[in-house]
Amino acid sequence: MPHDVSLIATLAFGFGLALIFGFIAEKLKAPALLGYLVAGFLIGPATPGFVADPALTNQLAEVGVMLLMFGVGMHFSLKDLLAVKKIAVPGAIVQMGAATLLGMGVAHFWGWPMGQSLVFGLALSVASTVVLLKALEARGMLTSANGQIAVGWLVVEDLAMVLILVLLPPLAGILKGGTLDPETNLVFDIGLTLVKVALFVGLMLVVGKRVIPWMLWHIAKTGSRELFTLSVIALAISLAFVAAGLFDVSFALGAFFAGMVMRESELSHRAAEESLPLRDAFAVLFFVSVGMLFQFDVIVEHPLRVLAVVAIIVVGKSLAAGALVLLFKYPLKSALIIAASLAQIGEFSFILIGLGLYLGLVTLEVQSLVVSGAILSIALNPVVFSMVPKLNDLMVSKFQWVRNLNARSHTMEELPQQTDGRFLGGHVVLVGHTELSKRIAQSLKSRDVPHVIVDTSREVVAKLRKNEIAAVSGEYADPVTLVQAHVSNADCLVIATGDTPGLTQMIENAKMLNPAIRVFVQAYSKEEKQLLNAISDVRVYRWEDTLSDAMVHDILKNKLH
């Protein structure tokens, strides 16, 4: 194969085999990503025949991670991130510490030196961005309360890993049993890293918040769909590259914050829709690149060690995460979902092990064990997720302490007993505490119209109640949430959540509870509006249509006068 077509060959074999084995996996009722991993293994160096260029594949996979995190950023505002900081920050730090200590303990038992044990433990402590997001998206949980906690948790893990990657080279001498380089100033290195991250975040939130939406708006006005799609992809990759080059922030984090800034644009939903096919295609290459790293020999030679690694990732790390969520007084189901979300490892683990190998801190055996643990944990992750509902129901039925725990967490999921009767009938239920719903709520309050706000964030609900506003927390599509908002006795249901999975299910649940309820919903695309218009007795609004109607009304009014 000529060297000048290596990119084409990598894409052809990578996508082609991923399609074949992904299809076979789906037919066997297994997740498609298992087929993508098999495809990667077949074009990797461990098998005969065509061997894809690993450098090219890794870079293409990195593009997939960037685009995926960019898309998440467009659905995850700074407000969402701050709303989960009380659990995501301490939770991620403590969970990483627990997983690292577990890994170090097992490595010490195997007789490994301290430096190698530490890098090994750290590599097992951080979850994969791609796997987590794909798992949440597949279950429609990305914008749920538990999904927001898991994504916030992951962002904290990524920030911690950025700091670790900066500190590892200067500490390599000590970790190998030597001494610290006298020219190294750890305090300065840590401070410089934190300042760079803060500068990048500040620049994105202050400058980018104004520049990017303005740029998107002017490009959209040209009427060229391909130019708009190009602008979205160019912004995602360029900003991530600049973040890595100037501020030493990872590509994934750079793209995530770029997406958060683009979310401020009214065109963010169109941007997410236009970039989705490319994001999905490159995400496939991530799993293919992981499969290429797999060495089957390590399972044959060290089966018990591989099992120990998988146990730390899937069981040990999950138990630590789940226990921490319970300590923050969240229900058991939330703890199980977040634990399942983090029960795998991926891209940052490979980066860390690669750096450890370069610095002489770890051996090829360690790299093989981490890669094996990553592939097996990724393959098992859908199985772990599928066990969550059954395990939750089993524990609720068997243990009183679980029922007490769930009862303790319901304070934000039910209206307080002293709630005024005006909010229990003939009221308006506002789903989602967004800018639109805030304006509607203010108008209703000024006219003394009773209303109840429903939001996934318990912290948001707690703040609303402090301001004497009736509010409940829960998943939007869950009928129980609508029951707690007293939808059965409400006059209107207003859905202003943003792009929410299960939108039609929410409306159907509301109409089942209250056939006479009037439903008002915000649509973000022509296709979504057509889908919602097909549901009877639903009033659908789209910002372009509403704006044009208002402008035409004013134009005609002036002409008549």
**OP:** Working only within the stretch 285-306, note down all residues that are in contact with a helix residue (DSSP H, G or I) (Cβ under 7 Å, 6 or more places away or on another chain) and charged (D, E, K, R).
**Re:** R305
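Every residue, every condition in (1) of a type in the set (K, R); (2) in a helix (DSSP H, G or I), yes or no:
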{"residue": "V197", "(1), (2)": "no, yes"}
{"residue": "R210", "(1), (2)": "yes, yes"}
{"residue": "W214", "(1), (2)": "no, yes"}
{"residue": "G223", "(1), (2)": "no, no"}
{"residue": "L230", "(1), (2)": "no, yes"}
{"residue": "A243", "(1), (2)": "no, yes"}
{"residue": "A252", "(1), (2)": "no, yes"}
Subject >> Pairs, first touching a residue at least 60 places away in the same chain (Cβ under 8 Å) and closer than 17 Å to I43 by Cα in the stretch 18-31, second surrounded by 13 or more Cβ atoms within 10 Å (Cβ to Cβ) and among the hydroxyl-bearing types (S, T, Y), C-beta under 7 Å, six or more apart >> reply: A18/Y36; G22/Y36
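Yes or no, residue by residue, for (1) in the same structural domain as I345 (by TED's automatic domain parsing); (2) part of a loop (DSSP other than H, G, I, E, B); (3) buried (at least 24 other Cβ atoms within 10 Å of the Cβ):
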{"position": "L118", "(1), (2), (3)": "yes, no, no"}
{"position": "G121", "(1), (2), (3)": "yes, no, no"}
{"position": "K134", "(1), (2), (3)": "yes, no, no"}
{"position": "G140", "(1), (2), (3)": "yes, yes, no"}
{"position": "V151", "(1), (2), (3)": "yes, no, yes"}
{"position": "E157", "(1), (2), (3)": "yes, no, no"}
Subject >> For A281: the one exception among (1) at pLDDT below 80; (2) within 14 Å of V65 (Cα to Cα); (3) of a type in the set (A, V, I, L, M, F, W, C) >> reply: (1)
**OP:** Show the residue pairs that are 6+ apart or on different chains and have beta-carbon atoms under 7 Å apart, the first residue being within the stretch 430-451 and assigned by TED's automatic domain parsing to the domain that holds L503 and exposed (fewer than 12 other Cβ atoms within 10 Å of the Cβ), the second being acidic (D, E) and in a loop (DSSP other than H, G, I, E, B).
**Re:** none
**OP:** For A343, indicate whether it is assigned to a helix (DSSP H, G or I) and touching a Lys or Arg at 6+ places or on another chain (Cβ under 9 Å).
**Re:** no
**OP:** Residues being free of Cβ contacts under 8 Å to residues at least 40 places away in the same chain and closer than 27 Å to V249 by Cα: count how many of those fall in the stretch 186-228.
**Re:** 18
Subject >> Among the residues listed as D248, D280, D297, the single one being free of Cβ contacts under 8 Å to residues at least 12 places away in the same chain and among the charged types (D, E, K, R) >> reply: D280
Subject >> Test: residue in the stretch 483-504 that is more than 25 Å from N533 (Cα to Cα), among the β-branched types (V, I, T) and free of Cβ contacts under 8 Å to residues at least 40 places away in the same chain >> reply: no
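Rundown of residues vs (1) surrounded by fewer than 23 Cβ atoms within 10 Å (Cβ to Cβ); (2) basic (K, R); (3) over 21 Å from K390 (Cβ atoms), yes/no style:
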position: P277; (1), (2), (3): yes, no, yes
position: D280; (1), (2), (3): yes, no, yes
position: M292; (1), (2), (3): no, no, yes
position: V298; (1), (2), (3): yes, no, yes
position: A308; (1), (2), (3): yes, no, yes
position: P331; (1), (2), (3): yes, no, no
Original post:
So, of the residues in the stretch 346-400 that are under 18 Å from V309 (Cα atoms), at pLDDT 85 or above and not in a helix (DSSP H, G or I), which turns out to be farthest from the chain's Cα centre (by Cα)?
Top reply: T363
Original post:
Looking only at the stretch 254-267, which residues are buried (at least 24 other Cβ atoms within 10 Å of the Cβ) and either modelled with pLDDT under 75 or of a type in the set (S, T, Y) (or both)?
Top reply: none
**OP:** Looking only at the stretch 8-29, decide whether some residue is out of contact with any strand residue (DSSP E or B) (no Cβ under 8 Å at 6 or more places or on another chain), assigned to a helix (DSSP H, G or I) and modelled with pLDDT under 80.
**Re:** no
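The values are calculated or read from the model by the stated rules, or taken from the named source; none is laboratory data. What you see is a predicted model; the values in this text were computed from it and never measured. Methodologically, a virtual Cβ is constructed for each residue, glycine included, from the backbone with ideal geometry; neighbour enumeration extends over all protein chains shown.
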